[in-house]
Amino acid sequence: MIKNFASETSNSPQSAGLWAGTDRLDSWKEIASYLRREVRTVQLWEKREGLPVHRHIHKSLGSVFALRSEIEIWKRQVSREGGNQRTEAAAASRSARNRITIYVLPLKNVTVNSERRRLCDAIVNKTIAALEQTNPGKLGIASPKFPLSTEQSDFPASISNNEKIDYVLQWSVQDDDTGLQVNVALLIAGSDGVAWSHSYRCRPKDFGDLPTYVADQVVQCLWLKVFSSPTPAPVGGRHERPGSREAYLKGRYFWNQRNEEGLRKAIHCFESAIREDPEFALPYSGLADSLTLLSFYEIVSPAEVMPLARRAALKAIELDPRLAEAHASLADVLLHFDRDWQAADHEYRRSIQCNPEYALGYHWYANLLAAKGQHEAAHIAIMHALEINPVSIITLVWAGVTSHLAHQFDEAIEHYRSALELDPHFTWAHMYLAQALEQKGDFKQALREFEMTIQLAGGNNCVKAMKAHAHAVAGDKSAARNILDELKATPSHQCMPSYDIAATYAALGESQQMVAWLKRACGEGNMKLFTLTQDPRFDSLRHRSEFKAIVGQMGLAQASATRG
C-alpha cells in the first residue's frame, strides 16, 4: 500500500458533538461555530482575551470543551471593558508584558586595534539585527542608546512601556595575535545567574565571515535556551477512533526498532491506522518518518519513497496544522531529500513551538544545526531532547553523532556506550561507535565494531563501505579496495552507499574517484550528504576546489573552520 497510502477520501459528516443540545461545546469547531468565527480566531481569543476553554488532558493527547453560559459571561465582560479597541489595547499590553526582553551590551574593555574594534562592533550589530528578526511579537531586543564608559556595568531594569528586562547579553574579546576569541554570556537580569555562555575563536583569514558566523551561532543558541523553553501546548478537540490509535502506537513501537523489518511493519501499521480513520493526522506523520528512515538507512532509494514521505507529512499538516510530529516529519524530508536548509529550519522550529515536549523535534533539529556547523546550538538542542526522554536509545546515539560532527570524539564515545548499556545489540550505536574509535586511532577495536555492526545489520552495504574506510586509514589499502570492488558489484536494484564509498576513496588519496562518487551521491539524493561539510573523514580535502564545488551544489556554504 506504500504507493497509494494517501488516496483522497471523502469528508465524513460533521458530528453534532456528544453534548449537542446541552450547555457544552465539545470541540474547537463547535466553539468557533457558536461564536461565528474561525477556529484560529477563537484559539487566539483564549490565549489573549481569556476566552474560557477547558481541557481534559490524557496521557499524550487531550480534548477541549467550553460552556455556552461561561462564554456569554465572558462576552459581557469584554463588552463592559469598552469594545474592540480597548480589548485590542489590553491584548497589546498583555503581549508586551509577556515578551522576553534581552538587553544586548556592547563589547567592553576592548584593547584591540581600530580595525579589529570595527570587527567586534560588527559582530554585536549583526547579532542584534538577527535577534530582532527572530520573533518580534514575543522577543524584544534592547541596547544602550549611548556608548557605555569602560567602568559602567549597570543597565536599566526595564525599557519603554514598562517592559522589563529578562536577560543581558554580555560580550568580551581577547586578541592573542594569532586571532580573536569572542566570549559571550547570557546573564539572568537581576541576579548573578548565567543562563548560557560560550567562546568562539577565529583566525585572521576568517575575519571576513566572523560577524555573520558568530551572530548565527548566538541566535540559534539563544532561541533554544530562551525562546523555545517548554510551555503547555494547545491540544486539539478531535477524538480519534480507538482502533486507529492502537495501530498508530504499534507502528511507533516497530518504527523505534530502527531496522528494515521493524520499519516495514511500522508502515503496515500506519497504513492500517489511516484506513481505519483517514482524518487522524498522526499515522501520516508516522508513515512519513518510516519512509524517510528506509531511505536514510539505504534500504530503499530516496527517489522511490521520499516523494511519498513528503506527501504524507503534508497530509498530516493539512489535517492538524499544530501537530508537532507533522512539522518535524516535513522538516526531515526538506533537510535530507530536498536539501532546502532554510525551509527545514522553519519547520523544525515550528515543530518545537507547537509542542516543546516533543523530543524528536529537538533531536532532528540538532541534525540540521550540526550540519551547518552550529555545534553549540546542536548540543543544546540534543540535550533538550534527552531531558525530555533520557532513556531514548536513538537520541543517545544522535547525541554521540552531534559530538562526533563537532570533532569531540571522546564525548561521542560516551554517548554511544550509554546507548549500548540500554541495548547491547542496537545496530547503529555499534556503527557510530566504530567511526568514533577510528577517529581516535583505535583501528583494531573500530574494525571489530564494524564487523559486529555488519552482522547485526544483515550485511548492510553502507556499513561495509564504512569498514572499508577504516581499513584505508589503518593502512590496509588492499582490504579497502576488496570491499569497494564487492560493493561496486551490487545489483542495480539495491541501494549503493555512494557517500561512504566517496569517503573511502578520500582516505585512499584518490580525489578524482571521491569527486565522482560524491557527484553520484548528489544525483541519487543520498540522505547522508547533509553532514558533508562537518564529516571528519573529508577534513583534509575541504580546501580543494572540486570539493567546494560539490558543497555549493548542495546549497550549503562551508562553515567556518573555527570551532568553539
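At a glance:
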| item | result |
| --- | --- |
| Failed criterion for ALA195 (all others in (1) at pLDDT 85 or above; (2) of a type in the set (Gly, Ala, Ser); (3) farther than 23 Å from ARG311 by Cα hold) | (1) |
| Odd one out for LEU456 among (1) within 30 Å of the chain's Cα centre (by Cα); (2) among the aliphatic types (A, V, I, L, M); (3) closer than 26 Å to ARG544 by Cα | (3) |
| Qualifying residue in segment 369-381 (condition: touching a residue at least 24 places away in the same chain (Cβ under 8 Å) and over 29 Å from ALA343 (Cβ atoms)) | no |
| Pair list, Cβ under 6 Å, 6 or more apart: segment 473-502 residue farther than 20 Å from CYS522 by Cα, other residue charged (D, E, K, R) | ILE483/LYS464 |
| Residue among ILE267, ILE299, ILE274 that alone is in contact (Cβ under 8 Å) with a residue 24 or more places away in the chain, open to solvent by less than 70 Å² (accessible area, probe 1.4 Å) and touching a Pro at 6+ places or on another chain (Cβ under 8 Å) | ILE274 |
| All positions within segment 518-544 that are farther than 18 Å from CYS495 by Cα, within 25 Å of the chain's Cα centre (by Cα) and charged (D, E, K, R) | ASP535, ARG537, ASP539 |
| Number of the condition not met by HIS336 [criteria: (1) out of contact with any Pro (no Cβ under 7 Å at 6 or more places or on another chain); (2) assigned to a loop (DSSP other than H, G, I, E, B); (3) crowded, with 19+ Cβ neighbours inside 10 Å] | (2) |
| The lone exception for ILE352 - which of (1) within 21 Å of ILE267 (Cβ to Cβ); (2) surrounded by 21 or more Cβ atoms within 10 Å (Cβ to Cβ); (3) of a type outside the set (Gly, Ala, Ser) it fails | (1) |
| Selection within segment 317-333 - touching a Pro at 6+ places or on another chain (Cβ under 8 Å) and either open to solvent by less than 10 Å² (accessible area, probe 1.4 Å) or assigned to a helix (DSSP H, G or I) (or both) | none |
| Qualifying positions in segment 385-402 - within 19 Å of SER351 (Cα to Cα) and open to solvent by 30 Å² or more (accessible area, probe 1.4 Å) | GLU387, ILE388, ASN389 |
| Residue check, LYS488 open to solvent by 10 Å² or more (accessible area, probe 1.4 Å), farther than 15 Å from SER295 by Cβ and within 31 Å of the chain's Cα centre (by Cα) | no |
| Helices (runs of 4 or more DSSP H) fully within segment 51-137 counting 2 or more residues that are modelled with pLDDT under 80, open to solvent by less than 80 Å² (accessible area, probe 1.4 Å) and more than 30 Å from ALA215 (Cα to Cα) | 68-80, 83-98 |
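Residue-wise test of (1) of a type in the set (S, T, N, Q); (2) part of a loop (DSSP other than H, G, I, E, B); (3) in contact (Cβ under 8 Å) with a residue 12 or more places away in the chain; (4) surrounded by 15 or more Cβ atoms within 10 Å (Cβ to Cβ).
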{"site": "LEU186", "(1), (2), (3), (4)": "no, no, yes, yes"}
{"site": "ASP192", "(1), (2), (3), (4)": "no, yes, no, no"}
{"site": "SER197", "(1), (2), (3), (4)": "yes, no, yes, no"}
{"site": "LEU210", "(1), (2), (3), (4)": "no, no, yes, yes"}
{"site": "VAL214", "(1), (2), (3), (4)": "no, no, yes, yes"}
{"site": "GLN217", "(1), (2), (3), (4)": "yes, no, yes, yes"}
{"site": "LEU222", "(1), (2), (3), (4)": "no, no, yes, yes"}
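The values are calculated or read from the model by the stated rules, or taken from the named source; none is laboratory data. Keep in mind the model is a prediction, meaning the values are calculated, not measured. Counting neighbours? That spans all protein chains shown, and the Cβs are built from the backbone with ideal geometry, glycine included. Heads up: the accessible areas ignore ligands, DNA and RNA and are worked out on the full protein's heavy atoms, side chains in. Shrake-Rupley method; radii C 1.70, N 1.55, O 1.52, S 1.80 Å.
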